[in-house]
Structures are given as C-alpha cells and as structure tokens.
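Below is one structure, written out as structure tokens, with a few remarks after it.
The values are calculated or read from the model by the stated rules, or taken from the named source; none is laboratory data. What you see is a predicted model; the values in this text were computed from it and never measured. Don't worry about glycine lacking a Cβ; one is built from the backbone with ideal geometry, like all the others, and counts go over all protein chains shown. SASA here: full protein model, heavy atoms, side chains in, ligands and nucleic acids out. Shrake-Rupley method; radii C 1.70, N 1.55, O 1.52, S 1.80 Å.
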Amino acid sequence: SSDRMERSARASAELNVDADLNAYVREVMCSIANEYCSEVRVYVLDRQVFNATAAPNGYIEVWSGLLLRAQSDAELAFVLGHEITHYAENHTFEQFNTYKTYNTIAMVVSLGAGLAGAYYGVDLSSIGDLAYFTAMSAYFGYNRGQETEADTLGLRRAAEAGYDPAAGAAIWRALQAETAASTFPSVRRSE
C-alpha cells in the first residue's frame with residue numbers, strides 16, 4: 001500500500017536529509033500545487049534514475065537523478081506538475097480499479113488454463129503467466145490518456161505559477177537525448 005511505501009521511504013538509507021534541498025523541492029511543489037500543499041508529503045530519495053512518483057495518499061517521491069538532470073526550477077516544476085496531476089485527478093485509484101479487473105480476469109484465465117491443462121495433460125501455465133503479467137502492467141503503469149492529461153495539466157499548473165512552459169519540452173528533449181546516447185542498447189530502445 002501507499003502508506004507502507006511511505007514508511008519504507010522514511011526509513012530508507014536513500015532518504016536525502018539535506019534540509020535545504022528538501023525545502024527547495026517542497027517550495028517548487030507548493031508553488032504549482034498550492035491547493036494540495038498541506039496534503040502532500042515530498043521525499044527526496046538518492047537514486048540516480050530520472051523519476052518522480054505520486055501515490056494516492058499524498059506521498060510523493062522525487063529522485064535525485066531527476067534533480068541532477070533538471071536545468072532550472074521550471075523543468076522541475078513541469079515534472080512535479082505532472083506528478084501532482086496524477087494525484088489530483090485520482091489516476092492511481094483509477095489504475096488500481098483497472099488492476100483489480102485485470103487481476104480477476106487473470107485469476108479466471110489461470111484457473112481455466114490450469115484445469116484445461118490438467119484435463120488434457122498439457123502444460124498451459126504460460127497462458128496464466130501472460131494473464132498475470134497483463135494484470136501487473138495495468139497496476140504499474142498509467143494509460144496513455146492519463147499520461148497525456150498529467151502532461152497537459154501539469155504544464156498548465158507550471159505556467160500558471162509563472163514557470164516557462166518551454167521547460168516541459170526542454171527536459172523531455174534532454175532525457176530523450178540522454179537515452180539515445182546511452183552505451184546500453186536496451187536503454188536506447190526504451191521510451
């Protein structure tokens with residue numbers, strides 16, 4: 001659950017305890033999400049990957065890899081605007097409901113494949129595995145509409161707070177260039 005993840009982050013050795021850095025990230029967050037400032041808890045974690053996440057309980061992680069790559073307050077504001085939009089629009093709850101549906105279907109398909117395999121003497125476990133992985137992908141990823149909405153509304157939030165809207169495109173172009181320049185073929189092929 002989100003509460004368990006938050007407790008884990010608070011106890012993590014990766015939790016960044018630099019008061020000035022944490023105050024800065026919180027200040028940018030509150031500038032774009034003023035109405036949610038009292039509801040959200042922002043944790044900076046020392047992780048090299050470019051990432052930030054928002055949970056339905058108001059727990060937000062900002063990874064140091066994002067902070068190292070953001071070239072301006074505006075770039076950070078765009079990413080945080082994206083995450084606060086996921087929170088504000090209840091995308092995580094929507095994904096959880098989708099996951100529950102897929103999980104139920106996966107359970108039925110797995111059970112059916114197991115029974116059919118036993119009856120016919122054939123191993124159909126790969127069908128159950130496929131159903132399980134489909135359900136898990138529904139849990140761990142927002143759909144394209146939600147991502148587009150988070151980008152659009154996050155950009156609007158950042159612009160309304162006075163940040164340069166071009167920063168949203170700038171940080172994604174820089175991340176795409178970094179990905180394309182990677183020496184790892186699997187990274188170059190990733191989105």
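Does A55 satisfy the criteria of being surrounded by 14 or more Cβ atoms within 10 Å (Cβ to Cβ), at pLDDT 95 or above and not acidic (D, E)?
It is false that A55 is surrounded by 14 or more Cβ atoms within 10 Å (Cβ to Cβ), at pLDDT 95 or above and not acidic (D, E).
Here is a yes/no grid of residues against (1) among the basic types (K, R); (2) closer than 24 Å to I171 by Cα; (3) open to solvent by 80 Å² or more (accessible area, probe 1.4 Å):
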position	(1), (2), (3)
S2	no, no, no
E6	no, no, no
S12	no, no, no
N16	no, yes, no
E27	no, yes, yes
S31	no, yes, no
F50	no, yes, no
W63	no, yes, no
Q71	no, yes, yes
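Could you please give the count of residues in region 70-85 that are under 15 Å from E35 (Cα atoms) and not in a helix (DSSP H, G or I)?
0
Of all residues in region 1-38, how many are in a loop (DSSP other than H, G, I, E, B) and within 20 Å of E160 (Cα to Cα)?
Here the count works out to 3.
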